[in-house]
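Here's the structure we're looking at; comments come further down.
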Amino acid sequence: MDDDLQSAQVAELAEELAQLRALTTRLRAENARLLRLLELTPKQAAPPGPVQTGFFEAHPGPVDRRSAPEVKVDFFAALFAARTDIYATRWENARTGQAGRLPAVRGGWRRGVRHEDRDYLPLSKDVLRTHLPGDVHVGLYPLLDGDLCWWLAADFDGPMAMLDSLAYLKAARAWSVPAALEVSRSGVGAHVWVFFTAPTPAETEFVKVGETSGC
């Protein structure tokens, strides 16, 4: 009796397995049909990566000039938490004097290459280690999944940059919004940084900062 029951269960499982295999074959065929219909490459159709939250969920602690290099990298990564699946590098045209930033791509950025065919390099602590001493000038992408961010940067350019940035900083402090002023790389512009203690909706903070500055 037990042997008959066991044989029946094995047969039932074998039938279920055959049905699942047939279903898998049909789903793969349907997936291929949809890829052709939507003209998507396998890379475009791949599932999204993990949620971006930066390197740390909490501040690693204070640092000073005597702190170990690794501690400084951890501090920087926590303070400037950003997407870790991509970062930008600075380019400069010596002939025209123009400069800007482009996403870091394996093999270098080349014109005419489709977005889906580019192999974007991830942001890592090794990358940050080259950035801090100025060996490479890295740009960050602060907008995380869910349109959240850990910080905002207000960029001021032109002949009134310093006065405008000081006015912005004064307004932020009047509203008890902690902010930090930085002279830009060119020496003629300025940035004002606002940092949050937790990932914050970017739209909400954009509106708040705009109200603070009277925009």
Single match in Ala58, Ala78 (criterion: modelled with pLDDT under 80, of a type in the set (A, V, I, L, M, F, W, C) and closer than 30 Å to Leu152 by Cβ): Ala58
Contact list, first residue from region 92-115 and assigned to a loop (DSSP other than H, G, I, E, B), second anywhere and not aliphatic (A, V, I, L, M), beta-carbon distance below 6 Å, six or more apart or interchain, is Ala104/Tyr87; Ala104/Thr89; Arg106/Asp119
Yes or no: region 124-131 includes at least one residue that is outside any loop (DSSP other than H, G, I, E, B), surrounded by 10 or more Cβ atoms within 10 Å (Cβ to Cβ), in contact (Cβ under 8 Å) with a residue 60 or more places away in the chain and not acidic (Asp, Glu). yes
Of the conditions (1) exposed (fewer than 15 other Cβ atoms within 10 Å of the Cβ); (2) more than 14 Å from Ile86 (Cα to Cα), the single one that Trp150 does not satisfy is (1)
Among what's in region 178-207 and is buried (at least 16 other Cβ atoms within 10 Å of the Cβ) and not in a strand (DSSP E or B), pick the residue that is modelled with the lowest pLDDT. Glu205
Options Arg83, Arg36, Arg21, Arg101: the member that is at pLDDT 85 or above and over 28 Å from the mean Cα position of the chain (by Cα): Arg21
Test result for Leu121, more than 25 Å from Val183 (Cβ to Cβ) and either buried (at least 18 other Cβ atoms within 10 Å of the Cβ) or touching a Phe, Trp or Tyr at 6+ places or on another chain (Cβ under 6 Å) (or both): no
Test: Asp147 is of a type in the set (D, E, K, R) and within 19 Å of the chain's Cα centre (by Cα): yes
Is it true that Arg129 is out of contact with any Cys (no Cβ under 7 Å at 6 or more places or on another chain) and modelled with pLDDT under 90? no
Return a yes/no flag: does region 160-173 have any residue that is under 19 Å from Arg101 (Cα atoms) and surrounded by 12 or more Cβ atoms within 10 Å (Cβ to Cβ). no
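The values are calculated or read from the model by the stated rules, or taken from the named source; none is laboratory data. No experiment lies behind these values; they were computed from the predicted model shown. Neighbour counts are summed over all protein chains in view; Cβ atoms, including those assigned to glycine, are modelled from backbone coordinates with ideal geometry.
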